[in-house]
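Have a look at the structure below, then the notes.
The values are calculated or read from the model by the stated rules, or taken from the named source; none is laboratory data. Keep in mind the model is a prediction, meaning the values are calculated, not measured. All Cβ positions, glycine included, derive from the backbone under ideal geometry; neighbour counts span all protein chains shown.
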């Protein structure tokens, strides 16, 4: 059995910062203490480095099957490892979509053969697949995804009777994309009247506006309260929606939870002028006042987890005019980078960042033995050089699409190594090409 000893690590875990040694034996953390005997262990000097739990990203789009010219499980899970993400939960809007148990299982089989890091896949809901949805096993599938507003793919659930059935009968976590489709279509029609087919990108947050988000989110919450549904609303993007959630309960006691994504915390509508379709996403990046409110909402506990909604497209697709350019940003490699930027600006403590990106997703989804650096848990951990200054450019981007909206941005703080299940998947700032990923399991009850 391989033994690895992380010597003199600055451990950030469970809202504490302390200097320790960490011993890993096989795929588990066996001991955390000072001055651990290094007998028969590979010793890694972590002096001056942070060691944090592997990040758990609860919302990514890896495009496999059917859209693999943009990305696939192999490429994007490797990019995740380079960013310190050791577990991901992937969305069902692929081609074909994961809306049957057979298609869902095909994704798990593919990941078992190609994923660098740990994985789970959402089962997708449609207007007519309730029987398939109800077959989903909550112990080895992260949840059921409902698009209450269209996105990439054709998975819009807009039948109110179907929504009532899903919310009343599904006995596991439901994750929702909330934008009201009728509102979006109405706004788009108005924009077309003014601009024809040559709609400027600056209209994106006007077309996919606050009212559309709030109408859909509030309806989802109303239904969840009616039926006692376990509801998780993804990528909140507006100040108005914050009051729909509560901050006075522990995450394990919340029946309704919310996610905020890194791009809605970092960008605002001023970036449309310089980045154009590169920051076109659904729900849209909105006003600076929304960004400020979302950040404060995160600090105040209204958002339970931080994620990416990683959604890559080719640069050729993104270079089309607004109406033809798909929505989505590649982000899974750089989520911690963005959050470290807030840390270095004195806006967030690192313990808080670790809680929202590592501990809280494990608690919210009841993931077995992950999300913490504790004795006996899986050895999913990340070594970070908090002082390394670097610039994001094409030479260090691991996404298959080969670009990032953050190209040219300078940051401080970088992942240097990532371990998944006791194996180095990213070491000394290079991918090891080790496939260490395992299927996530859940303590649902």
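Tabulated results
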{"quantity": "Filter pass, residue 77 being in the same structural domain as residue 223 (by TED's automatic domain parsing) and assigned to a helix (DSSP H, G or I)", "calculated": "yes"}
{"quantity": "Boolean, residue 100 is under 30 Å from residue 413 (Cα atoms), in contact with a helix residue (DSSP H, G or I) (Cβ under 7 Å, 6 or more places away or on another chain) and at pLDDT 95 or above", "calculated": "no"}
{"quantity": "Answer residue from segment 70-96, given it is surrounded by fewer than 21 Cβ atoms within 10 Å (Cβ to Cβ) and without any contact (Cβ under 8 Å) to a residue 60 or more places away in the chain and is farthest from residue 392 (Cα to Cα) among those", "calculated": "96"}
{"quantity": "Residues within segment 47-69 that are assigned to a loop (DSSP other than H, G, I, E, B) and buried (at least 24 other Cβ atoms within 10 Å of the Cβ), tallied", "calculated": "4"}
{"quantity": "Residue 165 out of contact with any strand residue (DSSP E or B) (no Cβ under 9 Å at 6 or more places or on another chain), surrounded by fewer than 22 Cβ atoms within 10 Å (Cβ to Cβ) and within 29 Å of residue 325 (Cα to Cα)", "calculated": "no"}
{"quantity": "Filter result for residue 306 (in a strand (DSSP E or B), assigned by TED's automatic domain parsing to the domain that holds residue 271 and within 28 Å of residue 67 (Cβ to Cβ))", "calculated": "yes"}
{"quantity": "Single residue of segment 10-42 satisfying the filter (without any contact (Cβ under 8 Å) to a residue 60 or more places away in the chain and outside any loop (DSSP other than H, G, I, E, B)) that is farthest from residue 361 (Cα to Cα)", "calculated": "42"}
{"quantity": "Tally, over segment 11-26, of residues that are out of contact with any helix residue (DSSP H, G or I) (no Cβ under 6 Å at 6 or more places or on another chain) and either at pLDDT below 95 or crowded, with 19+ Cβ neighbours inside 10 Å (or both)", "calculated": "7"}
{"quantity": "Residue selected from segment 138-161 under the condition modelled with pLDDT under 95 and touching a helix residue (DSSP H, G or I) at 6+ places or on another chain (Cβ under 7 Å), by the criterion farthest from residue 308 (Cα to Cα)", "calculated": "158"}
{"quantity": "Residue that is surrounded by the fewest Cβ atoms within 10 Å (Cβ to Cβ), among those in segment 106-132 that are touching a residue at least 60 places away in the same chain (Cβ under 8 Å) and not in a helix (DSSP H, G or I)", "calculated": "120"}
{"quantity": "Single unsatisfied condition, residue 103 versus (1) in contact with a strand residue (DSSP E or B) (Cβ under 6 Å, 6 or more places away or on another chain); (2) surrounded by fewer than 24 Cβ atoms within 10 Å (Cβ to Cβ); (3) in a helix (DSSP H, G or I)", "calculated": "(1)"}
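Residue-by-condition table, conditions (1) in contact with a strand residue (DSSP E or B) (Cβ under 6 Å, 6 or more places away or on another chain); (2) in the same structural domain as residue 305 (by TED's automatic domain parsing); (3) within 30 Å of residue 92 (Cβ to Cβ):
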position: 17; (1), (2), (3): no, no, no
position: 25; (1), (2), (3): yes, no, no
position: 44; (1), (2), (3): yes, no, no
position: 65; (1), (2), (3): no, yes, yes
position: 72; (1), (2), (3): no, yes, yes
